[in-house]
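The values are calculated or read from the model by the stated rules, or taken from the named source; none is laboratory data. Keep in mind that this is a model prediction, so the values were computed, not measured. FYI the Cβ positions are ideal-geometry reconstructions off the backbone, even for glycines, and counts take in every protein chain you see. Accessible surface areas use protein heavy atoms only, side chains included; no ligands, DNA or RNA. Shrake-Rupley method; radii C 1.70, N 1.55, O 1.52, S 1.80 Å.
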Amino acid sequence: MPIHVTKNRVALILVFAGLKSLEAQSAAPSTTTPAVPVPTAPQPAQVVSQVAQQAQPVAIPNATQVAAPAAATAPADSTSSALDYLFNRKPQDGTAAQAAGGVAENLGDKMKAEDILGAPSLDDPVLRQRFEIYLKHPEVSVDRVREYTDKLEKLSEILKQTGDTFAAWKILYALSEYRDLDAGISRELANRVEAVWNTVKTNDGLDEKNGRLKREIEMSDRNADMIAAELRAEEADERGRVGSPSGGKTATNPAAPPTPDSQSNADGSVAPSNPDATGSMQLTAEYLGGLESRARMKLNEVRQDTNLKQAKSDFADYVTTLYGSHRYFQVIIAADFYRQLFNEGDYPVAMADQVNASLEVNSNVSLTVDDFRDEAAKGEVAGAAAMLENAFLGNEFHPALQGVPLSDKEKVGEFLRKLDVLKNVIEARDFGRVEGLIADITKIAADFDSTKPMALISGVKLESTLRLGKAKMLVQQGDLKAAMDEFQAAAQAWPGNPDLHDSATGFSTRRT
């Protein structure tokens, strides 16, 4: 338990013991004719000595121990009421204690502490942990960063100017060799490009199949036309040799015997022979074969369209994934691949928004890192820390961030650690330590603005002092309940106020 908390509890006990002693003296009878000697009340000095002995860190008396022993009858006076009010009841709405409690809660709020300090902060614990790891990681050499960025620029230039996707694809594998800057993302992008090429090959194979089917359809059509022509010729020949039953043409030689190609029915009509039926079946087979080939061609075309749409969708989803993971350089490159692979003049609407945002973020991060270097060179660590955090939030994988010297990052890390301690101290209202922490921070960061935290300390100390003074005045006036409210409010505003103990001692010894 912190020392100042123990001392303040002892101070409260001293206050109540002194108040009880004062009331016992004021309640003594004016005539002294007792039949039995009455035990004298303990003197305040004795009470102080006893309480001091009991107030060791080993055990702190609780509310029931302070109030009265279990076998004794509690006096129905103002002192017992004050004890019951402090330990067993909550402050009522509108009282000074309730108002002071609200002020203490506002001061202890984390957001209030951050607003007072006006310091940068990464609220996401996971992101904050990654930033702390980044601050401890050695920098990448300037030459290596330059080589990587030069390859990125060359790749973008090839895609935009020449559209040579194969040459750009080879550079992706070269970029993936920079594991400390690329993390293998370029190799995964190269795999996605290969997947699109495989889809194109599949569709090309379907094109070859449709070419063969088209030739089969043309052959079936020619065969069907030839068979149909032969059937029509045979039918015309038969009609020329055999008279029609309805009074049409008649044969030139009616007495001639029937030809082997036809037979006469009972009613005199002429029916086609078996060779004619075979020709009709061949015509039907050719017709059905052409229909089947056409259906297969249509299915292949639908499959090609589905493959292309799926490839576009998968590639666009991957660009979105890159954007969500802050791989903004790869977003721009992947979008350029998309246009070349699918012969698109413009990006899709969503992808265009991602590309524009990526370009803006990368530009802002580059400028922010340059400003950080200038601030760090001048020793303005507070401003440099804010810029570095903003750059990290924008694009933590930006090559310029990876090239920041470790010595500069270590200064930022030390500043942020001490700033976290100052935040915790303000949240806990341990204002006695604030001035020393501010002095330590200003040694690291000469540009740290301590105006707000110092104003906070002055205001809290003044409030606590004024409330203690008011409590003393109320004790002198005999208003114990109001005095206890002010004393409790002073303790809540600044629990570590050393004047709390002195004031409690003064209460107990005022009328000894």
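Do we have residue 391 as in contact with a Phe, Trp or Tyr (Cβ under 7 Å, 6 or more places away or on another chain), modelled with pLDDT of 90 or more, over 30 Å from residue 197 (Cα atoms) and open to solvent by less than 60 Å² (accessible area, probe 1.4 Å) here? Working first, answer last.
Working: in contact with a Phe, Trp or Tyr (Cβ under 7 Å, 6 or more places away or on another chain): yes; modelled with pLDDT of 90 or more: yes; over 30 Å from residue 197 (Cα atoms): yes; open to solvent by less than 60 Å² (accessible area, probe 1.4 Å): yes.
Judged against the criteria, residue 391 is a match.
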Checked the stretch 324-338 for anything in contact (Cβ under 8 Å) with a residue 40 or more places away in the chain and either open to solvent by 30 Å² or more (accessible area, probe 1.4 Å) or part of a helix (DSSP H, G or I) (or both); matches are 326, 328, 329, 330, 332, 333, 334, 336, 337
Over the stretch 437-465, the set of residues touching a helix residue (DSSP H, G or I) at 6+ places or on another chain (Cβ under 8 Å), at pLDDT 85 or above and not small (Gly, Ala, Ser) is 437, 438, 440, 441, 444, 447, 448
The lone condition residue 414 fails out of (1) farther than 22 Å from residue 443 by Cβ; (2) assigned to a helix (DSSP H, G or I) is (1)
